[in-house]
């Protein structure tokens, strides 16, 4: 949202929603002015329009968000090498080793906010605390607050000092804790547990009978502000994927395949950018009746090119009943190798699969494609099969925009 308002400053102060605005669209982000009306991320666009008819819908630009995120993370790394990214706009930083050289945690937080604003033109909020769990909650306290009466400016930086963790977390609603989703919240509410303080008073054994042993221990630890997890700067992606919901159902294998090709091209590009070489590809399909199915294929060796990935995905599509109508298509990669190993003629004990051979053959062309895109942009070159048959003008990662069913 901040990126959109940076390039559209005339929209500041207005209810703005980023995402697909069609009947099948989903809200990706909402300005605080839109949140006053109850609009939040992951909400169906149709509901967002009912709650806030005057909202300005923007389609979003994932490439721009990724680019800006990289700039922000560069600033983070100027303060500490221990940066654990959670998403494009959120990260944990361990600045313990930087305190003596730079200053206190709150000073570092203020400096990060200043640089992000001056160098990138964005406002960020920072929580400072002894643990990741408390820092996450503190960052929420630093943000603006949207209510029916208006938007209250945030503090920007909120610090919870060591020893003050319990006093900070205990008065909070129990839904503030990680792991308390709708199902768990309903179970706890039925027992009269509404605050973290209420939860802390329940013995782990009794709690296990409600939510299960492992989950009970997790919630017990959080209710007592216990979180000894380290910041993991080299945490690898568990999966890399892309999916889209379309404005009208598809009944043609060729039409669905064209979208598979386009999505696979995007996923393979991201894999190469992150130096993550997958051995498993998954095809996700959601039918017109909302039933979702997935099909996966795993190779013995990792692949890098979209052509090899498509070779893995092609037989999976033959198991899909396209005649039922397809409303969503997704492609994801996982089971990564980080060394970029490709099958060679001298690998013993491993039979060359069609995908592996194709990957090897396409290696020079794949590098050339990456070079062209780096120099001229992603739209400079794309799969030929998508040039005519795939219209992405109304499609976004959050569903179609501007088209009703």
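A few comments on the model shown:
- At q = 0.09, 0.10, 0.12 Å⁻¹, base-10 log of I(q)/I(0) for the chain (Debye sum, equal scatterers on each alpha carbon): -0.70, -0.87, -1.21
- Extension gain, residue 224 back to residue 239 (0.36 nm per residue minus Cα-Cα distance, nm): 2.2 nm
- Set of region 294-334 residues, backbone N closer than 17 Å to the point 7 Å along the Cα-Cβ line of residue 361: 303-315
- Most to least packed among 178-187, 310-319, 11-20 [average Cβ atoms within 10 Å]: 11-20, 310-319, 178-187
- Efficiency of FRET from Cβ geometry, residue 321 and residue 101, R₀ 41 Å, rounded to 0.05: 0.10
- Distance between the 7 Å Cα→Cβ label points at residue 232 and residue 175: 2.8 nm.
- Alpha carbon centroid spacing (whole Å) that separates region 76-126 from region 258-297: 34
- Inter-probe distance in nm under a simple model that places probes 7 Å from Cα toward Cβ, at residue 381 and residue 206: 6.6
- Across q = 0.24, 0.29 Å⁻¹, region 170-223 modelled as identical point scatterers on its alpha-carbon atoms has Debye log10 I(q)/I(0) values of -0.86, -1.35, in the order of the q list.
- Residue-averaged 222 nm ellipticity for the chain, from DSSP H runs of 4+ at -39500 (n - 2.57), nearest 500: -11500 deg cm²/dmol
- Here the label points at residue 298 and residue 117, each 7 Å from Cα along the C-beta direction, are separated by 5.0 nm in the simple model.
- Part-to-part distance (alpha-carbon centres) for region 1-70 and region 171-194, which is given in Å: 28
- Distance-filtered residues of region 150-184 - backbone nitrogen under 19 Å, label point 7 angstrom along residue 90 Cα→Cβ: 154-160, 169, 172-184
- Rounded if a/c under 1.5, otherwise prolate or oblate - region 63-159, Cα gyration tensor axes: oblate
- Evaluated over region 2-60, the Cα radius of gyration and Dmax, each in Å: 10.1, 28
- Segment residue 254-residue 11, length gained on full extension (0.36 nm per residue, minus Cα span): 83.4 nm
No value in this document is a laboratory result; all are computed from the given coordinates. Since the model is a prediction, treat every value here as computed from it, not as a measurement. We place every Cβ from the backbone using ideal geometry, glycine too, and count neighbours over all the protein chains shown.
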